[in-house]
Amino acid sequence: MSKKKILIFTDLDGSLLDKETFKFDVIKDYLKELISSGILIIPNSSKTESELLDFNKQYNFDFSFISENGSSIYGLNKIDQSLPQRVVISRSIDEIQKIYDANISLDLKNKITPILELEIDEQQKIFGLPLNKLSLATKRMHSIPIQFRGTETEKNNFIKNIGEIGLTAQSGGRIINICDNTNKSKAMSKAVKLIRKKLGNECITIGVGDNENDIEMLKQTDYPCLVKNENFDSSLINIDNLIKSSEPSPLGWADVIKTAIQIIET
C-alpha cells in the first residue's frame, strides 16, 4: 500500500451494503484485508448513531463514523486518542422541528408524511427493516424522516423552501431527511481536517456513494467513486475523475475501491 494514509468515506445502504438485504458478506474478507492494511474506513451515512454503533457491534468493527447525513461525527478518538469522541455539527431534532413547523406552509405539509408519526408496521414497510433494527433507525437526534407525496415540481419547491429557512432536505433511496444546514460533505471535511492535524497532511481520501445525497461528498474527495444504482441517474454527477462500478452493491463497492487503490499506488 501507499505510504500515504488512505481514508475511505463510504455511504452504506446501496453502496457498501446490498440495498435490499443490507448485507455485504460476499466482500467481507476484502473489507477485512483493507482494515488490516491500515486503511481507515469511515461510514458516512444517513443512519443514526444507534444504527452505526449496532453495525460496528454486529460485525466486530471499530469504525469511526458520520451519522444522520453529516449531523455528527463519532469515534475519532479511535484513530488517535487525543481526537474527540463526538463532534456535534447539527442542532437538535427539537430545534429543527420548531423551525420546520413555523415556516412550512400547510399546503406543503399536507403532502408530507412524517415517518416517525406512523404506526410501527407502516414504518417497517418504508424503512424495509425488521422490528429490532427499526427501533435503532427511529432514534433520531438531528433529522426528521419524511415521504413527499406531491409532484416533482412541488417537491423541488419544498426543497427550495427548506433551504431558505436554514435547513436541508437530504434525498436518499427510500426517504427524505430534513436536517440542519449540514451534509455528508461538510462533516467529512471537518473529520479530515481533524485527522490531518494528528496524522499529517499525507492523507488521501476516497469517497463512495450511490445516490443524490452523496454527490457533494464525492466532489470533495481525491478519488470519488459511484456504485451502480439503477434508480439514480449518474449523469447528475459532473465529476471528471469519477470512478464508476458496473455492478451494484456490495460487489460494486469492492470494484471501485480496488480501482481507486490501484490508481493511488501507480
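The values are calculated or read from the model by the stated rules, or taken from the named source; none is laboratory data. Treat the numbers as computed from the prediction; the structure is a model and nothing was measured. Neighbour counts are summed over all protein chains in view; Cβ atoms, including those assigned to glycine, are modelled from backbone coordinates with ideal geometry.
Restricting the stretch 94-114 to residues that are touching a residue at least 12 places away in the same chain (Cβ under 8 Å), of a type in the set (A, V, I, L, M) and out of contact with any helix residue (DSSP H, G or I) (no Cβ under 6 Å at 6 or more places or on another chain), the residue that is nearest to Asp18 (Cα to Cα) is Ile112. Might you let me know whether the stretch 206-225 holds any residue that is small (Gly, Ala, Ser) and touching a residue at least 60 places away in the same chain (Cβ under 8 Å)? So far as the stretch 206-225 goes, yes, one or more of its residues are small (Gly, Ala, Ser) and touching a residue at least 60 places away in the same chain (Cβ under 8 Å).
Could you say whether any residue in the stretch 29-40 is in a strand (DSSP E or B) and charged (D, E, K, R)? The answer is no, given that none of the residues of the stretch 29-40 is in a strand (DSSP E or B) and charged (D, E, K, R).
Here is the figure for the stretch 92-110: residues that are surrounded by 12 or more Cβ atoms within 10 Å (Cβ to Cβ) and out of contact with any Ser or Thr (no Cβ under 9 Å at 6 or more places or on another chain) total 10. What about Gly14, is it buried (at least 21 other Cβ atoms within 10 Å of the Cβ), on the phi > 0 side of the Ramachandran plot and either out of contact with any Lys or Arg (no Cβ under 6 Å at 6 or more places or on another chain) or basic (Lys, Arg) (or both)? Criteria met by Gly14.
Is it true that Phe55 is at pLDDT 95 or above, closer than 20 Å to Lys133 by Cβ, touching a Lys or Arg at 6+ places or on another chain (Cβ under 8 Å) and not β-branched (Val, Ile, Thr)?
Details: at pLDDT 95 or above: yes; closer than 20 Å to Lys133 by Cβ: yes; touching a Lys or Arg at 6+ places or on another chain (Cβ under 8 Å): yes; not β-branched (Val, Ile, Thr): yes.
So Phe55 fits the description; yes.
Just one of the numbered conditions (1) at pLDDT below 95; (2) of a type outside the set (Phe, Trp, Tyr); (3) outside the structural domain of Met141 (by TED's automatic domain parsing); (4) in a loop (DSSP other than H, G, I, E, B) is not true of Arg174: (3).
Being more than 16 Å from Ser45 (Cβ to Cβ), touching a Gly at 6+ places or on another chain (Cβ under 9 Å) and surrounded by 21 or more Cβ atoms within 10 Å (Cβ to Cβ) is a property that holds for Ser245.
Residue-level check: of (1) under 18 Å from the mean Cα position of the chain (by Cα); (2) closer than 21 Å to Gly14 by Cα; (3) among the basic types (Lys, Arg), Lys258 misses just (1).
Could you pull out the residue among Ser90, Ser50, Ser82 that is of a type in the set (S, T, N, Q) and assigned to a helix (DSSP H, G or I)?
None of the others qualify; the one that does is Ser50.
Just wondering, is there one or more residues in the stretch 212-222 that are crowded, with 21+ Cβ neighbours inside 10 Å and assigned to a loop (DSSP other than H, G, I, E, B)? Scanning the stretch 212-222, I find at least one residue that is crowded, with 21+ Cβ neighbours inside 10 Å and assigned to a loop (DSSP other than H, G, I, E, B), so the answer is yes. The residues of the stretch 136-161 that are without any contact (Cβ under 8 Å) to a residue 60 or more places away in the chain and part of a helix (DSSP H, G or I), listed by number, are Glu152, Thr153, Glu154, Lys155, Asn156, Asn157, Phe158, Ile159, Lys160, Asn161. Which condition breaks for Lys193 when tested against (1) of a type outside the set (Ser, Thr, Tyr); (2) more than 16 Å from Ile66 (Cβ to Cβ); (3) surrounded by fewer than 21 Cβ atoms within 10 Å (Cβ to Cβ)? Condition (2) is where Lys193 drops out. Given the condition touching a Lys or Arg at 6+ places or on another chain (Cβ under 7 Å), closer than 17 Å to Asp214 by Cα and not assigned by TED's automatic domain parsing to the domain that holds Tyr223, answer yes or no: does some residue in the stretch 143-153 qualify? Scanning the stretch 143-153 turns up no residue that is touching a Lys or Arg at 6+ places or on another chain (Cβ under 7 Å), closer than 17 Å to Asp214 by Cα and not assigned by TED's automatic domain parsing to the domain that holds Tyr223.
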